[in-house]
Amino acid sequence: CGCNREEFPHKIVDLMDGFKASKALFAACKLNVFDVLSVSADLSPKEVAERVKASEEGSARLLDACVSLGLLERRTRDDGDHVYSNTEEASRFLVADSPLSLHGYILHCNDLVWPLFSHLESAVREGTNQYERAFGKKSEDLFQDAYYKKEEVKLRFMNAMHSIAKVSVKDLATAFDLSMFKTACDVGGCTGAMAYEFTQIYPEMSVTVFDLPQVIAMSDRFQPKDQNDRVTFVAGDFFKDPLPKAELYILARILHDWSLEKVHQLLDKLSKECNPGSGVLVCEILLDEEQRGPSRAFLQALSMTEGSQRSASQYTLLLGQHGFTQTHLKHTNNLLDAVLFVKE
Ligand code: SAM
């Protein structure tokens, strides 16, 4: 291009190709490439193609793309053929039934987030979520109108939440010592993945998962085999119904979804439930105080839900208006950060 090495726009070139890399990961997950390679390693493109019911040529290209992205390993057999295996990271995080699998979340990205982001210009022009343009249906409340009307879409969403909750919960539950709280309520706690891990880490803690009836109806499907009786489920709407009594309220990936008005409504309700000394654990991606990153938060905001991303001091101001003081803060380096508030 006539420019010297330093001038070459590496970052821009990476961003130009970034969407192809994401889609290659999504397609490999959706086609269960990592799953067939976990059953038998060292498969040729033809063998993968037969098992995932795809073309040999397409599979060969997708496998090589995955090798180049560090998701698969390739070696050459004695007969000169290339064979492919999962990397250690793919075995842990991309095989659908591995304990920390992100498979569920990746399918959500492929089937829901990707179509929404393909209308990003319209989202920016109109300042609205593009659900209707992408899926042909209006949605006032993303959960009740978009995700929970169809059983199949609801399960996909629940699987997505379950998979990222499992990856992030240990770092959140151990961000600070929460053992002084004996009862907790996971508000919008979905499948109970977080609740279960909290009871594992805090043997004296009981957790009530509070979520919409449509979600609670499916919670049985997500319970671990060694489930304990310290996790219980209560169905309700956190804008309309009373919340279960608890010493600690967990709000994981809840506040960023809603308008300021609804956030105040929810915090007001929480504040009335809480006695002095009760806690609220906010788990969100925290913006840095200069509001320049992390880009994960700003990119998530582009899905244009009615809510917004905040920094720790913005959460502190917000919860302060409802009588909560920030006592602990941890950047976990995981998917979500944690801030603990205590009622004055
Ligand atoms: N807290 C979970 C986590 O971090 O994995 C799930 C977060 S998910 C983004 C939001 C959750 O809030 C969903 O499980 C959804 O069903 C629940 N939710 C949405 N609106 C609700 C309402 N009005 N009342 C109760 N739960 C609601």
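Sum up the charges of everything whose Cβ sits under 11 Å from the Cβ of PRO294, counting Lys and Arg as +1 and Asp and Glu as -1, but leave PRO294 out.
Within the 11 Å Cβ shell, the charges total 0.
Can you compute log10 of I(q)/I(0) for the chain with the Debye formula, treating each Cα as one identical point scatterer, at q = 0.07, 0.14 Å⁻¹?
-0.34, -1.23
Taking the Cβ of THR174 as the center, what net charge do the other residues with Cβ under 14 Å away carry, scoring Lys and Arg +1 and Asp and Glu -1?
Within the 14 Å Cβ shell, the charges total -2.
Could you give the dipole magnitude of region 168-343 about its Cα centre, charging the beta-carbon of Lys and Arg +1 and that of Asp and Glu -1, in debye to the nearest 20?
60 debye
Using Cα pairs under 8 angstrom and six or more residues apart, how large is the relative contact order of the chain, in percent?
Across the chain, relative contact order equals 12 percent.
Can you pull the one-decimal nm distance between simple spin-label points at LEU299 and ALA235, each 7 Å off the Cα toward Cβ?
The two pseudo-label positions are separated by 3.7 nm.
Would you mind working out the magnitude of the charge dipole of the chain relative to its Cα centre, with +1 at each Lys and Arg C-beta and -1 at each Asp and Glu C-beta, to the nearest 20 Debye?
Value, rounded to 20: 420 debye.
Can you tell me which of VAL13, VAL95, VAL167 moves the most in a GNM of the chain? Springs connect C-alpha atoms under 10 Å apart.
Sorting by GNM fluctuation, first place goes to VAL13.
Normalised radius of gyration for region 14-148, please: alpha carbon Rg relative to 2.2 N^0.38 Å, two decimal places.
1.24
Just want to confirm a number: the relative contact order over region 5-97, from Cα pairs under 8 angstrom separated by 6+ residues, in percent.
Dividing the mean separation by the residue count of region 5-97 yields 30 percent.
Explain nothing, just the number: dipole magnitude of region 5-97 about its Cα centre with +1 on each Lys and Arg Cβ and -1 on each Asp and Glu Cβ, in debye rounded to the nearest 20.
Computed about the Cα centre, the dipole is about 300 debye.
Order the peptides 326-335, 289-298 from the highest to the lowest mean number of other Cβ atoms within 10 Å of their residues.
326-335, 289-298
For a test of the definition: using alpha carbon positions, the gyration tensor, and the 1.5 limit on a/c, classify region 168-343 as rounded, prolate or oblate.
Here region 168-343 falls in the rounded category.
Using alpha-carbon positions, what is the distance between the centroids of region 300-328 and region 185-243, in Å?
Taking the Cα centre of region 185-243 as reference, the centre of region 300-328 is 23 Å away.
Here, each number is a calculation from the coordinates, and none is a lab measurement. Please read all numbers here as calculations on a predicted model, not as lab measurements. In this analysis, Cβ positions are derived from the backbone assuming ideal geometry, glycine residues included, and neighbour counts consider all displayed protein chains.
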